[in-house]
Structure formats: C-alpha cells, structure tokens
Amino acid sequence: MWTFRSPQVILFSDDPARAAAFYTRLGFRETFRVPTDGEPIHIDLVLDGYKIGIASVASTREDHGLDPVAEGQRVAVVLWTDDTTAAYEGLVADGAPALAPPHVWLDRLLIAWTADPDGNPIQIVQSR
C-alpha cells in the first residue's frame, strides 16, 4: 500500500507570474520557480503550511498533454483572517473584483468573496 504526503493545489494560469504576484501580496511566500530566469511555467507559494502551485496553461498542455481551463470559478481559495472587512476592502481597493461583500454566515462567521487575476474565488473569513 502507498501513502501520500505534502498535498498541494495547482491553479492553472495564462500568466503564472501575475498570479504569483497576487498571492504574494496576500502573504504567500514563493518557494519554487521554474525556470529560475525568464517567464515561469510553474511557481509554488506557501502560507502557513498551505501550498499553492501556479502552472502555465501552455506548459501543462505541451508537457503533460492535459487541457486545463485557465479562467473561471473552478476552485476557491479560503483565507482566514482577524478582520474580513478590512481585508476585503483592501483587496478590492487594490483592484481585485468584489464578488460578495462581508456578510454573516451560520451566525458565527463573517465571510466576503473576491477573486484572483484568473477568476478563482477567494473567500475571506473570520470567526465572529
């Protein structure tokens, strides 16, 4: 029997550098990039032990024979914070789309939604 380790989510992007810059502004730290010089085809970022990879659509097609979708609401990235309202307002002021303003959910969470440059929803959430 086999075991798995080090789970990671890969987001597909037509512009991995742009997507990585967005997540870096959210506090993620770059841990891997290929190639190290020039236009990247893959970048890994980590925040608080959570790893996101950003892979080039073109490279994924050419290197692996897959046909990824680069835009839309295919996956949601959830980010916990101590101040949902301030985080949401800051991201929207910085150009992120406003998908849903802060609202109470389940009487115990404050949630807002924005998106990354490729349209992946970002849920910003805090306990009330």
- Query: Do the conditions hold for VAL104, that is, is it touching a Phe, Trp or Tyr at 6+ places or on another chain (Cβ under 9 Å) and open to solvent by 50 Å² or more (accessible area, probe 1.4 Å)?
  - Reply: no
- Candidate set from region 13-37 (those that are in a helix (DSSP H, G or I) and touching a residue at least 24 places away in the same chain (Cβ under 8 Å)); member that is most open to solvent (accessible area, probe 1.4 Å): ARG25
- For residues that are at pLDDT 90 or above, open to solvent by less than 50 Å² (accessible area, probe 1.4 Å) and over 18 Å from PHE28 (Cβ atoms), tally how many sit in region 69-84. 1
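The values are calculated or read from the model by the stated rules, or taken from the named source; none is laboratory data. Note that the coordinates shown come from a computational prediction; the quantities given were computed from them, not determined experimentally. Please note: Cβ atoms are built from the backbone with ideal geometry, for glycine as well, and neighbour counts cover all protein chains shown. Calculation scope for accessible area: heavy atoms of the full protein, side chains included, ligands and nucleic acids excluded. Shrake-Rupley method; radii C 1.70, N 1.55, O 1.52, S 1.80 Å.
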